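These notes are about the structure you will find just below.
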Amino acid sequence: MSARDGRPARLRPARLSPVDVLRLGAVGLGARRTRVVLSALGIAIGIATMVAVVGLSHSSKADLMARLDRLGTNLLTVEAGKDAEGNDAKLPKSAVAMVERIGPVQHATATGDVPARVRRSDVVPVERTAGVGVQAARTDLLTALNAEVAQGTWLSAANERLPVTVLGSVAARRLGVTEPGGKIVMNDEHVVVIGVLEPVELVPALDRVALVGFPAAQRYLGFDGHPTMLFERSPDATVEDVRAVLPRTVNPGDEGSVKVSRPSDALAAKAAADEGLTALMLGLGAVALLVGGVGVANTMVISVLERRQEIGLRRAIGATRGAVRLQFLTESLLLSALGGAGGAVLGAGATFGFALARGWTPVVPAWSVAGGFAATLVIGVLAGLYPAVRASRLRPAVALSAT
């Protein structure tokens with residue numbers, strides 16, 4: 001009774017605290033554990049896919065950028081193309097010297113195709129070359145390419161006139177050469193292997209050839225001395241300026257027969273292609289997440305149908321429609337959050353495992369995990385909204401009489 005006018009005080013429905021709401025939602029999920037796990041698994045797969053895709057993309061890109069920083073993006077290559085009559089053009093023998101006269105040029109070197117057949121030994125048929133070609137190389141080639149020798153030594157002023165060779169990594173494997181010191185046959189000439197290169201990332205064609213000195217190639221293998229490919233390095237800021245003048249510098253009067261390219265562009269194109277693939281995989285992850293959300297909605301609808309008596313009892317003892325809606329929305333959110341947390345852990349774990357196996361530095365952006373988890377909460381609200389509204393509209397008398 002009111003102390004002032006004697007009228008009865010207006011009753012107000014009890015309000016559950018946030019802790020009570022969470023506890024009530026957890027009890028509802030705990031009663032159906034198998035169904036909850038299966039529903040959360042759909043959400044987890046979607047989130048794991050999205051986190052792993054973003055993580056692997058960033059890890060791969062970080063590795064690629066590190067490789068570009070190590071190899072440099074200032075390398076240009078010059079090749080002979082076709083002349084005005086459509087015949088194979090040749091670069092002048094003085095091409096390297098002419099390129100070195102360009103002001104910003106820091107390094108200039110060259111290789112040349114040598115018409116020689118390579119065999120492991122003279123008992124191997126002539127036609128079995130194992131797909132290994134021969135190229136003449138200048139002694140400063142490794143410096144220009146930032147390449148390294150895996151075993152043995154590189155060509156030098158002391159041995160470039162001798163019948164010795166350095167094999168690319170693939171060429172050595174194809175010829176069965178495991179260490180320097182052995183001999184191979186070029187045409188009918190026995191040549192000593194003095195070294196094996198590490199893979200040359202910017203110019204992978206060099207991995208499949210046997211390299212000899214320019215003087216030795218001319219003396220023993222009939223090389224005409226014309227370079228086939230030039231390699232040039234200059235400061236990053238001047239690369240495009242140098243690129244513009246290279247054709248007319250290398251072959252004045254016939255610059256149309258000269259092709260200039262930038263090997264690092266291929267790696268940059270790979271990064272762009274990876275970004276396109278990442279977008280596609282994110283789309284697939286979003287589809288998986290949507291399917292998981294449908295699973296959550298289905299689980300919540302079935303839960304409402306199975307728990308009509310519970311809902312009726314709560315309504316009969318004073319629970320408001322808003323409280324019932326909040327209960328089922330909380331269950332849906334908890335179910336989605338459970339799947340989202342599990343998916344984030346799985347996605348991050350997959351990223352770290354795959355990246356370490358590939359030798360990359362694992363990178364899992366915080367925004368991908370936070371964004372994925374936020375997406376699960378949105379899915380939880382959307383998936384639980386209809387079941388929650390449906391539960392709140394059940395009449396207590398009808399719900400209690402349901403069997």
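The values are calculated or read from the model by the stated rules, or taken from the named source; none is laboratory data. Everything quoted here is computed from the prediction, not taken from an experiment. Every residue, glycine as well, gets a Cβ built from its backbone with ideal geometry; the counts of neighbours run over all protein chains shown. Areas reflect the complete protein model, heavy atoms only, side chains present, ligands, DNA and RNA absent. Shrake-Rupley method; radii C 1.70, N 1.55, O 1.52, S 1.80 Å.
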Report task. Among the residues of segment 342-365, write down those that are under 18 Å from the mean Cα position of the chain (by Cα) and assigned to a helix (DSSP H, G or I). Result -> G347, A348, G349, A350, T351, F352, G353, F354, A355, L356, A357, R358
Requested in this report: Would you please list the contacts, defined by Cβ atoms under 8 Å and residues six or more apart or on different chains, that run from a residue in segment 242-263 that is part of a helix (DSSP H, G or I) to a residue that is crowded, with 19+ Cβ neighbours inside 10 Å and among the charged types (D, E, K, R)?
Outcome: V242/E232; L246/E232
Query raised in the report: Among the residues of segment 310-322, which ones are modelled with pLDDT under 75 and exposed (fewer than 14 other Cβ atoms within 10 Å of the Cβ)?
Result: A316, I317, G318
Report summary line: Residue count, segment 220-240, condition under 40 Å from the mean Cα position of the chain (by Cα) and exposed (fewer than 13 other Cβ atoms within 10 Å of the Cβ), comes to 4
Report task. At least 3 residues that are closer than 30 Å to P252 by Cα in each: list the strands (runs of 3 or more DSSP E) lying fully within segment 92-178 that qualify. Result -> 107-114, 133-137
Requested in this report: Please specify each residue of segment 124-158 satisfying the condition of being open to solvent by 40 Å² or more (accessible area, probe 1.4 Å), at negative phi and at pLDDT below 90.
Outcome: P125, V126, E127, R128, T143
Query raised in the report: Looking at segment 164-182, which of its residues are open to solvent by 40 Å² or more (accessible area, probe 1.4 Å) and of a type in the set (S, T, Y)?
Result: T178
Requested in this report: Sort out which residues of segment 97-130 are in contact with a helix residue (DSSP H, G or I) (Cβ under 6 Å, 6 or more places away or on another chain) and more than 22 Å from P235 (Cα to Cα), and write them in order of number.
Outcome: V114, R120, A130
